[in-house]
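Engineer: Please read through the structure below; I'll follow up with questions.
The values are calculated or read from the model by the stated rules, or taken from the named source; none is laboratory data. These numbers were taken from a predicted model, which means no experiment stands behind them. Glycine also receives a Cβ, built like all others from the backbone with ideal geometry; neighbour counts cover every protein chain displayed.
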Ligand code: DLL
């Protein structure tokens, strides 16, 4: 029997000690680390130095944590403009790993790790998995993609260091995933939530269950509360949200503890701020805005005030789990995934919320954007569950109408909803592609 793990209570792992630091001690540690990382970036990264000098700032300007707000932002374009290694603060012989994130256009962005950076990454992943209730004795099927994507290796080393048995299966080959899940006594799974839904669907077709699986740690893309309920009910597991991004470290920036009311940010390594996406002004806790992160201990690629584009709010209220780390609200949208249809701002996550309110459809959908005579239009293609599809036409029309009304209520726009047959929309092994933009083709 594993005494370190408990489903109902708080799982404790020695590496989790910093999760429970008194806030005052945490702030002291954060300031020490911030001063060090700002100095390192100033001395080693020309772009950062130039931006500091342009503001008349030197590293000693950081006397307290509030001084962070005086420092310049870093944005994704900075990584592209200095591709591939321009923001590195370590020489190549100190860099022991590179990862890359493909992004939507052109060249990827490249991120680097020293041996010490990898240790930090592993430690935050241990803390993340422990917070999700995993421990020694768990058998972890790691279905995040291995390779340049950070999900696979990040969860891999975290799982091993936690003492769990890690199965490095990577993404894809769904039949084999289901076989391994049954035969190897898997108790925990890591993958994107959209891939989990695909696994559920295939397990149902094959008339098999999820064996000993009891917990899932899902992230790398937005997923709604409705999707969580669906996964939990269908697979009979507890589903946790995990957040991270390559530029900061990979998975393990934040995670939901057993209470699953916001994601604890590992603030001793990643300093979170929320800013107004338009003005860049820092917003108080509780107010929604863009998440900005500063790495407090990264050596190879320190990121000062990196604008994630992810929209959330910080929650400073104490959590019943006892962690003193502030939480971020689950991330439903990015400031750059919004599109405007007939003057209405639309986020894909809102469409998902609306669809999940209506029975008879699966959480498989695609938003198709088109342009006709200069006007943007959107169509939502939704898969219908097999039972519904064989029903008479009138039933389908009623379903279509119900979905159009649900979308209208949530986003305030009447759009065309098209029902498509089960298993016709493309499935993804990694991040789901929710929006198909045909406006410029
Ligand atoms: O997705 C790292 C990761 C791997 C996180 C595995 C969690 C699990 P990137 O490929 O660089 O890194 O993509 C980062 O994905 O800025 C968010 O927009 C989105 N994202 C990541 N996790 C979540 C989440 C990995 N839990 C970008 N909820 C981020 C919503 C998420 N969006």
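Engineer: Read through the list (1) within 15 Å of the ligand (Cβ to nearest atom); (2) assigned to a helix (DSSP H, G or I); (3) modelled with pLDDT of 95 or more, then give the number of the only condition that residue 112 fails.
Structural biologist: (2)
So that you can scan it fast, the table gives a plain yes or no per residue for (1) touching a residue at least 60 places away in the same chain (Cβ under 8 Å); (2) closer than 21 Å to residue 84 by Cα; (3) in contact with a strand residue (DSSP E or B) (Cβ under 9 Å, 6 or more places away or on another chain):
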| residue | (1), (2), (3) |
| --- | --- |
| 271 | yes, no, yes |
| 278 | no, no, no |
| 281 | no, no, yes |
| 284 | no, no, yes |
| 287 | no, no, yes |
| 291 | no, no, yes |
| 295 | yes, yes, yes |
| 299 | yes, yes, yes |
| 304 | yes, yes, yes |
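Engineer: Of the residues 253, 275, only one is within 16 Å of the ligand (Cβ to nearest atom) and surrounded by 24 or more Cβ atoms within 10 Å (Cβ to Cβ); which?
Structural biologist: 253
Engineer: So, one more: Here's a check for you: in the range 26-72, which residue that is in contact with a helix residue (DSSP H, G or I) (Cβ under 9 Å, 6 or more places away or on another chain) and not in a helix (DSSP H, G or I) is nearest to residue 316 (Cα to Cα)?
Structural biologist: In this case the residue turns out to be 64.
Engineer: Of the residues 236, 289, 280, 226, which is more than 25 Å from residue 122 (Cβ to Cβ), crowded, with 22+ Cβ neighbours inside 10 Å and over 14 Å from the mean Cα position of the chain (by Cα)?
Structural biologist: The match here is 289.
Here is a yes/no grid of residues against (1) surrounded by fewer than 19 Cβ atoms within 10 Å (Cβ to Cβ); (2) under 16 Å from the mean Cα position of the chain (by Cα); (3) not in a strand (DSSP E or B):
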residue: 133; (1), (2), (3): no, no, yes
residue: 137; (1), (2), (3): yes, no, yes
residue: 152; (1), (2), (3): no, yes, yes
residue: 158; (1), (2), (3): no, no, yes
residue: 180; (1), (2), (3): yes, no, yes
residue: 208; (1), (2), (3): yes, no, yes
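Engineer: Continuing with this model, one more query. Could you please let me know if residue 304 is away from the ligand (no atom under 12 Å from the Cβ) and part of a strand (DSSP E or B)?
Structural biologist: no
Engineer: Based on this model, can you work out whether residue 162 counts as buried (at least 23 other Cβ atoms within 10 Å of the Cβ) and either more than 15 Å from the ligand (Cβ to nearest atom) or within 23 Å of residue 433 (Cβ to Cβ) (or both)?
Structural biologist: Yes, satisfied.
Engineer: Can you tell me which of 47, 29, 65 is surrounded by fewer than 18 Cβ atoms within 10 Å (Cβ to Cβ) and farther than 21 Å from residue 307 by Cα?
Structural biologist: 29
Engineer: Something else now. Quick one: is residue 197 at pLDDT below 95, assigned by TED's automatic domain parsing to the domain that holds residue 301, within 16 Å of the ligand (Cβ to nearest atom) and not in a loop (DSSP other than H, G, I, E, B)?
Structural biologist: yes
Yes or no, residue by residue, for (1) at pLDDT below 90; (2) within 16 Å of the ligand (Cβ to nearest atom); (3) part of a strand (DSSP E or B); (4) not assigned by TED's automatic domain parsing to the domain that holds residue 199:
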| site | (1), (2), (3), (4) |
| --- | --- |
| 330 | no, yes, no, no |
| 349 | yes, yes, no, yes |
| 353 | yes, yes, no, yes |
| 394 | yes, no, no, yes |
| 403 | no, no, no, yes |
| 414 | no, no, no, yes |
| 428 | yes, yes, no, yes |
| 433 | yes, yes, no, yes |
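Engineer: Test residue 231 against the criterion of being in contact with a strand residue (DSSP E or B) (Cβ under 8 Å, 6 or more places away or on another chain), assigned by TED's automatic domain parsing to the domain that holds residue 164 and more than 16 Å from the ligand (Cβ to nearest atom), and give yes or no.
Structural biologist: Answer is no for this residue.
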